[in-house]
Structure formats: structure tokens, C-alpha cells
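Here the structure comes first, spelled out in C-alpha cells, and everything after it is commentary.
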Amino acid sequence: MQPKAPERSPRNVNRAGKASSGKVAVASDFLDVASVDVVLSTTRSVRRKLDFDRAVPPEVIHDCVNLATQAPTGLGGENWRFMVVADPEKKRSLAALYKTVLTDLAKQRGIEVKATQQALVDRLHEIPAMIFVCTTADRPGTEVAGQVAYYGSILPAAWSLMLALRARNLGATWTTLLSARQEEVAAVLGMPPGVVQTVMLPVAYTKDARLKKADRLDAAQVTYWDSWGSDSP
Ligand SMILES: Cc1cc2nc3c(=O)[nH]c(=O)nc-3n(C[C@H](O)[C@H](O)[C@H](O)COP(=O)(O)O)c2cc1C
């Protein structure tokens, strides 16, 4: 993958417009590990317990994007672009498209749409912000290394964005349904050719949400040491 040169905005200007190095060293022993662990273990899909009436301020989204872009990116490409949609008409079009994709998929696969997914679909047009995590990197070929570099240069930022949102009591869901309709989404949002949309996060402040740790396989079941299948160090 050959990352395109990013269009850079000045890096060394802080939000107050003052010049700064932008690089503040933080000693690791001051980290509040317990809070970090809570965020890492309770960032869940939030589809229902959302405040659809409370706007999400643009500066909060900027703060979260500034954390998301601390994620790794292949060859320092920084081909990520974050498309935030707050316009009611555009949200309505995108929500309708999302509903079509979900309904068709459920029909094709003969499965029922889960209540929680239905709840999100029913109110998606009301969500305060949809954030499409996009990349302008050249598309990879079919070989594994190219795919790993391509998605590995964008999806870590998307997950960091979800974590940063969670830390600010903003709920989101990792959705990929709209990625099946790249051209239609691009038409709604005026995206030029070459932009690829990956996940779309519907974002709102949480309301009465009690986010819990998920039930996952234990580390000992999924970790090998020195030889594949060897589960003890
Ligand atoms: C690759 C991927 C694609 C997903 N796409 C969607 C989607 O389009 N819509 C949706 O409501 N949830 C989507 N999800 C979320 C899952 O349906 C599911 O809610 C989530 O993984 C459950 O985990 P959680 O409880 O830890 O959030 C997706 C998850 C993954 C990993």
C-alpha cells in the first residue's frame, strides 16, 4: 500500500490558537489504570440507552478524533478522514439506506433482526451524530499483507474513537452495514472517488446506560506461548 501524502493542517497550533510543540510527555506511573481498564472493558454497543435530544458538541468530537488519530498508521500515512453527519436530511437518507441494508440482509439470511438492532434502526435518523471513519489510502490487493496494512491503518483509529467517546459518556455502535453501499453514501455526503468508508458510529450521550464487561473467552484459552497450542509460558 502506498499511502497518499496527507493534506496537513498546522499541527503545532493548540485549540486556543497558540503555538505549542503538541508533545507533552506523560509519565506512565501516573496513569489511572483502573479507569483505563473500565473504558477498555465496558465499551459496548449502545443502541437504546441514548439521549437522542442532546446535541454532541463539535469540540467534543474534535477531542475524540484527536485521540483516535494517536492510533498507528502504516508509513505515517494518516489517510484517515472522519465524516461527521449532523444534518437532519442527510441523516434521514442514510438511516433509510441503513434500514434497507439490514432488512435485505435479514431476509437473505433468513434471520430476525434483533430487538436492539431494530431499536437503533427505528431512531437512527434522530441520532445527534453519525461518524463515518474513512480512508483515502489506495485500496489494497488481495494479498494478506496489503489488507493487514490497509485496514490496520484505519480500524485501530475507529476503535480508539469509540473508546474516547465512551470515556466522555458518549455511546456508539460499531456498524458496518452501510459500507456495503459506498456509492450511495458517498453521493449523500459529497465524497469524491477514492474515499473508502469503513465503520459508521452512531453517536449520542448515554442515558441510564449501565455498561458491563462482556463475557469473553479467558486469556489462557486464547493465548499460546512459544509454540502454537502451547498454553503455558
Ligand atoms: C465487524 C462488525 C460489524 C458490525 N456491524 C454492525 C452493524 O452494522 N450494526 C449493528 O447494529 N451492529 C454491528 N456490529 C455490532 C455487533 O452486532 C454486536 O452488537 C457487537 O459486536 C456486540 O458486542 P458488544 O456487546 O461488545 O458491543 C458489528 C460488529 C462487528 C465486529
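Read-outs: derived from the displayed coordinates by stated rules, not from any lab. Fair warning: this is a prediction, and the values are worked out from it, not measured in the lab. Positions of Cβ are backbone-derived with ideal geometry, glycine not excepted, and every protein chain shown enters the neighbour counts.
Filter the cross-link list K23/K49; K23/K213; K107/K213; K90/K207 down to pairs whose alpha-carbon distance in this structure exceeds 30 Å.
K23/K49; K23/K213; K107/K213
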Separation of the A86 and A55 label points, Cα + 7 Å toward Cβ, nm: 0.6
Amide proton proximity set for A172, modelled H, under 5 Å, gap of 5+: V46
Among R139, R109, R92: highest mean-square fluctuation, GNM of the chain, C-alpha pairs under 10 Å: R109
Selection of GluC sites (Glu not before Pro), the stretch 68-143, meeting DSSP coil and at most 14 other Cβ within 10 Å: E112, E143
Additional length obtainable on full extension of the chain from R216 to V39, 0.36 nm per residue less Cα span: 62.1 nm
Taking Y98, Y224, Y151 and counting other C-beta atoms within 10 Å, the order from fewest to most: Y224, Y151, Y98
³J(HN,Hα) computed for each position of the stretch 37-47 - Karplus, 6.51 cos²θ - 1.76 cosθ + 1.60, integer Hz, glycine/proline x: 5, 4, 4, 5, 9, 10, 7, 10, 5, 10, 10
Separation in nanometres of the label points that stand 7 Å from Cα toward Cβ, at N169 and D138: 4.7
Phi to ³J(HN,Hα) by Karplus 6.51 cos²θ - 1.76 cosθ + 1.60 over the stretch 118-128, Hz, x for Gly, Pro: 5, 4, 5, 4, 4, 10, 4, 5, 8, 4, x
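Going by how many other beta carbons lie within 10 Å of each one, how would you line up F52, F132, F82, F30, fewest first?
F30, F52, F82, F132
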Segments 181-187, 63-69, 227-233 sorted - mean Cβ within 10 Å per residue, highest first: 63-69, 181-187, 227-233
Inter-label distance for A187 and L105, nm, one decimal - labels placed 7 Å from Cα along Cα-to-Cβ: 2.1
